[in-house]
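Have a look at the structure below before the remarks.
The values are calculated or read from the model by the stated rules, or taken from the named source; none is laboratory data. Computed from a predicted structure; not experimentally measured. So basically every Cβ, Gly included, is an ideal-geometry build from the backbone, and we count neighbours across all protein chains shown. When the accessible area is computed, the model is the full protein with side chains, heavy atoms only, and any ligands, DNA or RNA have been set aside. Shrake-Rupley method; radii C 1.70, N 1.55, O 1.52, S 1.80 Å.
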Amino acid sequence: MYGKDKKNLYFFNKKITGVNPKTFKVIGSNKLIIKDDKGVYYLGREEVKKIQNADLNTFEEVSKEYYRDKNNVFYYDNYDGDVKRVKGADAKTFEAIEGYALGRDKNAVYDRGKMIKGLDPVTFEDLNGDFYKDKNGVYYEGMLMKGIDSKSFEPFVNYTHVKDKNGIYSFYQKENEVVVEKVEISPEIDLKTLQPIENYSEYSKDKNNVYYHFKKIEGADIKTFEPEGYSIGKDKMGVYYETRKVNGVDVNSFEVLKNDFFKDKNNVYYKNKKLEIFKPKNFEVIDYSLVKQNEDLYYFTEDGNNNTKFVPLESKNVDIDTFQILDDDYAKDKNNVYYKGKIFKEADVKTLDKHYNENDNGYKIRDKKKVYKTKK
């Protein structure tokens, strides 16, 4: 990384100005902090910068991220390529903690060079990634997770849920706090043995059952159950959509498609329903609103009761990238407007859209010329 001649110091063949090559030394294991007889420096993104107020004789590495001298603690920000003084840190008692960019002194705990207020440095423990705990509780990114039992705490999966001896909790960050909400779970759940399946937050199992969003999947076999997506799973006996078994699916020929569609050798399914109008051969899911059977395209809509409606499109040259459904009857792409699947030449494709009008108490389909009749 470094080279020198009698006049200059070089870093990856780039000349470094302002550093004495005769007294140059590398400090620490990341090799980007250096010193000479006049000062301590770090290699930033574009240039070498002097660390202000660093004591030359006592400056030393604590870890790859932290350094100190007799007066101050410094944090090397790997992302910014910058060295910053850690405000409030006690240099005499400062030490690194196992975990990325963590440290503590007699007074506080520090994460990436910033003091985490409220954490007890004596009982502090790094749990998993962004979770910590001390004698007072569990923390996420330095913010207290109120109501969580620290002794039995476990991160659950994907930073969406955690558990303790009392239950399962979802959580999210809101401004400068973490909002923790207890999840309603099946009464059969055994919390001690409950674990996520693979890396899915949707699926879990304990010693007795398999669960989807912590609701029991009736009849699922815990030994052979496997998630096949965010809402579809299978075991040796069948296929399940969310918490229910889908009747009649042949497990051996079962194949997941996209967007909650799947098929076997005999049928095509959407969610938990068999689609009688389609055959598995040459069936394809194009995107979230389009499917294809042989050469025929269909768009589909779904109401609040999960009733689906598949409408054949008259055109064989639908522009998939711009296709959008406006309501049950109207759709369009960049080339055409469609009414109940047939090309509707009367409408203006560029300006046709769905508009909300408070006076009409609902949505209207309209273009620059007129308002069109919609389904009541």
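The residue of the stretch 297-325 that is surrounded by the fewest Cβ atoms within 10 Å (Cβ to Cβ), among those that are of a type in the set (A, V, I, L, M) and within 30 Å of the chain's Cα centre (by Cα), is I320. Number of residues in the stretch 326-354 that are at negative phi, assigned to a loop (DSSP other than H, G, I, E, B) and open to solvent by 50 Å² or more (accessible area, probe 1.4 Å) equals 7. Set side by side, the residues E98, E141, E184 differ, and just one is under 26 Å from the mean Cα position of the chain (by Cα) and closer than 28 Å to F59 by Cβ, which is E98. Only one of the listed residues (A108, A91) is more than 29 Å from I197 (Cβ to Cβ), touching a Lys or Arg at 6+ places or on another chain (Cβ under 7 Å) and of a type in the set (A, V, I, L, M). That residue is A91. Considering only the stretch 220-237, I want to know if a residue exists there that is β-branched (V, I, T), open to solvent by 20 Å² or more (accessible area, probe 1.4 Å) and under 30 Å from M145 (Cβ atoms). Yes, because at least one residue in the stretch 220-237 is β-branched (V, I, T), open to solvent by 20 Å² or more (accessible area, probe 1.4 Å) and under 30 Å from M145 (Cβ atoms). Filter the stretch 72-83 for residues that are within 18 Å of K35 (Cβ to Cβ) and either assigned to a strand (DSSP E or B) or open to solvent by 80 Å² or more (accessible area, probe 1.4 Å) (or both) and give the result. Selection gives V73, F74, Y75, Y76, D82, V83. Among residues of the stretch 248-260 that are within 12 Å of I232 (Cα to Cα), those with a beta-carbon under 8 Å from a residue that is at pLDDT below 95 and of a type in the set (S, T, Y) at least six positions away or on a different chain give the pairs N259/Y288. Of all residues in the stretch 152-186, exactly one satisfies the criterion of being open to solvent by 30 Å² or more (accessible area, probe 1.4 Å), closer than 21 Å to K135 by Cα and among the hydroxyl-bearing types (S, T, Y), namely S152. Evaluation of D126 against the conditions (1) at pLDDT 90 or above; (2) in a strand (DSSP E or B) shows that the sole unmet condition is (1). Here is the figure for the stretch 42-71: residues that are open to solvent by less than 60 Å² (accessible area, probe 1.4 Å), modelled with pLDDT of 95 or more and not in a loop (DSSP other than H, G, I, E, B) total 3.
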